[in-house]
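To keep things clear, I will list the structure first and then write my remarks on it.
No value in this document is a laboratory result; all are computed from the given coordinates. Only a predicted model underlies this, so the values are computations on that prediction, with no experimental measurement involved. Using ideal geometry, Cβ is built from the backbone for each residue, glycine included, and neighbour counts are taken over all protein chains shown.
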Amino acid sequence: MRIVSINTNGIRSAAKKGFFDWLATVDADYVCVQETKAQIEDLGEALFHPAGYSSHFRSAVKKGYSGVAVYARQAPDAVLDSLGEPEFDDEGRYLEVRQGNLSVVSLYLPSGSSGPERQESKDRFLAFFLPRLREWKASGRDYVICGDWNIAHRNIDIKNWRSNQKNSGFLPHERAWLDALFGEVGFVDGFRHRHPTLEGEAYSWWSNRGNAYANNVGWRIDYQVVTPSMAARITDAHVYKGVKFSDHAPVVLDYAP
């Protein structure tokens, strides 16, 4: 089973850069997209409903903002799109498809980089979401939570870690939150489970400033966070960099049956 996660920074923009052409070659069972920046009515073209997949979208109330999607090879038993908190549901940050005991989630955490108000919203999300993650972990379901988590966890997850310790996305309390997620709560960082020490080839996001992509001055902020049962099934993990569809790259994990 192959699962792909990508922040497209606008699914229509990524489509123009060949995202769906690439997707047709990947043989993915699930594709989780973040930051679609589109309303459902904007996605009526067949291009956005690739053959062989059931297509599911959760848009933000605000047009051209946030939004998530899941493409599933097999029609899911259930689709969930509300966390129960309007501040975050209205921003289109969560979509879950269920097939049997498996839940595949497309998740887009808030970014705090644009100013204090957005960092405060991000911190509220972290406080709200950790108890929900505990519930998911205790449910007995198999979870693969794909998404742009907007936090680089460890020094090896960011090129310039020394100079970013006071910047959103690498703040001590954000990193401690991931410590709790992967420690106390018991979820697993799927990519790190497969590649415990990989650095530069693990980056998944690059600023559009200062030739960051060309110089691989990146951050690893896109994750597949999984239950231990799913971690044990991971056979491969990589970040695809053959074509640049957005400022993020697809994170691709393979799972044994």
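I need the GluC sites (Glu not before Pro) found in region 17-102, filtered to DSSP loop residues with at most 10 other beta carbons within 10 Å of theirs.
Filter output for region 17-102: GLU45.
Given +1 on the Cβ of Lys and Arg, -1 on the Cβ of Asp and Glu, and no further charges, what dipole in debye does the chain carry about its Cα centre, rounded to the nearest 20?
Dipole magnitude for the chain comes out near 580 debye.
Among ILE158, SER59, LEU23, which residue has its Cα positioned farthest towards the positive end of the charge dipole of the chain, with +1 placed on the Cβ of Lys and Arg, -1 on the Cβ of Asp and Glu, and the dipole taken about the Cα centre?
Projecting each Cα onto the dipole axis, the largest value belongs to ILE158.
Going toward the positive end of the dipole of the chain, with +1 on Lys and Arg Cβ and -1 on Asp and Glu Cβ, which of SER5, GLY92, ASN208 do you reach last?
ASN208
Can you sort ARG162, ARG233 by how many other beta carbons sit within 10 Å, fewest first? Working shown, then result.
Working: ARG162 7, ARG233 17.
Sorted ascending by nearby Cβ count, the order is ARG162, ARG233.
In debye, nearest 20: dipole of region 117-221 around its Cα centre with unit charges on the Cβ of K, R (+) and D, E (-)?
Details: 16 positive and 13 negative charges, 24 e Å.
Its charge dipole is roughly 120 debye.
What ranking do ARG132, ARG194 get, fewest neighbouring Cβ atoms within 10 angstrom at the top?
ARG132, ARG194
Looking at the square roots a ≥ b ≥ c of the eigenvalues of the Cα gyration tensor of region 1-95, which shape do they give, rounded for a/c under 1.5, prolate if a/b is larger than b/c, or oblate?
It comes out oblate by the Cα gyration axes.
Helix-only estimate, please: 222 nm mean residue ellipticity of the chain, summing -39500 (n - 2.57) across DSSP H runs of length 4 or more and dividing by its residues, to the nearest 500.
-6500 deg cm²/dmol
How big is the equivalent ellipsoid of region 58-157 along its three axes, where each semi-axis is √(5λ) from the Cα gyration tensor, reported in whole Å from largest to smallest?
23, 17, 13
Please identify, among GLY190, GLY147, GLY112, the residue showing maximal mean-square fluctuation in a Gaussian network model of the chain using a 10 angstrom Cα cutoff.
Judging by the Gaussian network model, the answer is GLY112.
With a ≥ b ≥ c the root eigenvalues of the C-alpha gyration tensor of region 181-257, is it rounded (a/c under 1.5), prolate (a/b larger than b/c) or oblate?
prolate
Of LYS62/LYS244; LYS16/LYS244; LYS17/LYS244; LYS17/LYS37, which pairs sit farther than 18 Å apart, going by alpha carbon to alpha carbon? Don't jump to the answer; show the numbers that get you there.
Numbers: LYS62/LYS244 27 Å; LYS16/LYS244 11 Å; LYS17/LYS244 8 Å; LYS17/LYS37 16 Å.
Long pairs (Cα-Cα over 18 Å): LYS62/LYS244.
Find the relative contact order for the chain and round it to a whole percent, using C-alpha pairs within less than 8 Å whose residues are 6+ positions apart.
Numbers: 558 pairs, mean separation 51.6, N = 257.
Reported as a whole number, the value is 20 percent.
Would you work out which of GLY44, SER139, LEU109 lies farthest towards the positive end of the dipole of region 2-255? Charges go on Cβ: Lys and Arg +1, Asp and Glu -1.
LEU109
Over what distance in Å are the Cα centres of region 3-28 and region 210-245 separated?
First find each Cα centre; the distance between them is then 15 Å.
Please compute the Kirkwood hydrodynamic radius over the chain, one decimal place, Å, based on all pairs of different Cα atoms.
Final number for the Kirkwood radius of the chain is 18.2 Å.
In terms of the Cα gyration tensor, with a ≥ b ≥ c the square roots of its eigenvalues, is region 116-257 rounded because a/c is under 1.5, prolate because a/b exceeds b/c, or oblate?
oblate
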